[in-house]
Amino acid sequence: MLASACVYHGAMALNDWADRAEDARVRPSRTIPSGAIPARAALVLAAALLASGPLLALAVAPRCGLVLGAVAACAALYDLAGRGPWLGPLLLASCRAGNLGVGLAYASTLRSWNPWLGLAPLAYGLYVFFVSRLARLEDLDPARYETGAVRPARWLVASGVALLGVGAVATFLAYLPLDPARPSSSGHGARALFLAGVGAFGLFHGAWKLSGRAWRAGDVQRLAGMALRRLLVASAALASGTTTLAGLAVALAILCGYPLSFALRKVFPPT
């Protein structure tokens with residue numbers, strides 16, 4: 001977890017460093033343009049954290065270091081050169097999927113690996129991809145919303161379908177006997193699909209409420225924030241799909257963060 005946090009915050013620092021010129025023009029109060037932190041210090045911190053994360057993971061297990069190293073590379077590429085309309089979301093999805101893959105890589109050192117487990121980061125990454133495509137529309141020219149040239153609803157609906165996919169994958173894995181010493185689920189795995197369904201319903205409802213009028217940038221920000229908060233729901237669905245008491249406890253702990261993330265939307269934009 002420490003290694004993952006290093007990569008995440010290193011990428012955040014590198015993102016601010018890469019955006020320093022643009023921020024100086026449109027948001028001069030931000031940390032680097034305002035002079036609160038020198039640009040060189042931010043770059044050194046970013047490089048140190050991005051390098052420390054994979055090294056820490058390598059100390060846990062070589063395969064963990066390799067996976068997190070790939071995540072760090074994708075994050076750095078996104079910050080420096082990967083902001084395209086399709087490449088950007090793809091890199092963000094790869095980072096999130098790879099971060100989940102680090103945990104699976106560690107688990108594979110404790111017991112035999114089952115290829116079906118790879119569905120979990122794929123489904124999770126697909127959800128992140130669609131949410132990222134939606135969030136990108138927040139910064140478009142407002143006139144494009146009025147003309148109907150922008151159609152955010154399709155990405156919101158796609159995000160809801162992908163969230164259902166995460167729940168379906170978690171349920172499928174729950175019924176799959178991944179551990180020879182433990183039988184497959186006796187029915188508790190369906191709670192993962194139920195949890196994902198509750199989260200997806202909110203996304204579908206949001207798209208339906210705006211189906212009769214043109215979207216605005218504020219609508220995109222609000223609903224993209226809702227979709228981002230549902231990353232917690234997706235993670236909780238995967239955890240609860242393990243059908244163990246420990247998995248259920250982890251899922252509940254993750255969901256406890258939802259009210260906090262909901263309250264924080266008033267402090268800074270969720271996107």
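The candidates 58, 255, arranged from most to least accessible area with a 1.4 Å probe in the full protein assembly, appear as 58, 255. With the Kirkwood sum run over all distinct C-alpha pairs, segment 35-84 has a hydrodynamic radius of 11.8 Å.
Rank these residues by their accessible area, most exposed first, probe 1.4 Å: 95, 256.
Working: 95 25, 256 100 Å².
So, going from the largest accessible area down, we get 256, 95.
Annotation: residue 229 carries an accessible surface of approximately 30 Å², with a 1.4 Å probe and no ligand, DNA or RNA atoms counted.
The list [x] 1.25; [y] 1.06; [z] 1.62 gives values of Cα Rg over 2.2 N^0.38 Å, and only one came from this structure; which label was calculated from it? So the structure-derived entry is [y].
Charge tally around residue 236: other residues with Cβ under 14 Å, Lys/Arg +1 each, Asp/Glu -1 each, net +3.
Segment 1-114 gives an Rg/Rh value of 1.06, both radii derived from C-alpha positions and Rh following Kirkwood. Calculated [222 nm] ellipticity per residue, helices only, for the chain: -24000 deg cm²/dmol; basis is -39500 (n - 2.57) per DSSP H run with n ≥ 4, divided by all residues, nearest 500. Solvent exposure of the chain, expressed per residue, is 53 Å² of accessible area, with all protein chains present and a 1.4 angstrom probe.
The values are calculated or read from the model by the stated rules, or taken from the named source; none is laboratory data. Since we're looking at a predicted model, the values are computed, not measured. Cβ: placed from backbone, ideal geometry, glycine included. Neighbour counts: every protein chain shown. Note: areas computed on protein heavy atoms with side chains; ligands, DNA, RNA excluded. Shrake-Rupley method; radii C 1.70, N 1.55, O 1.52, S 1.80 Å.
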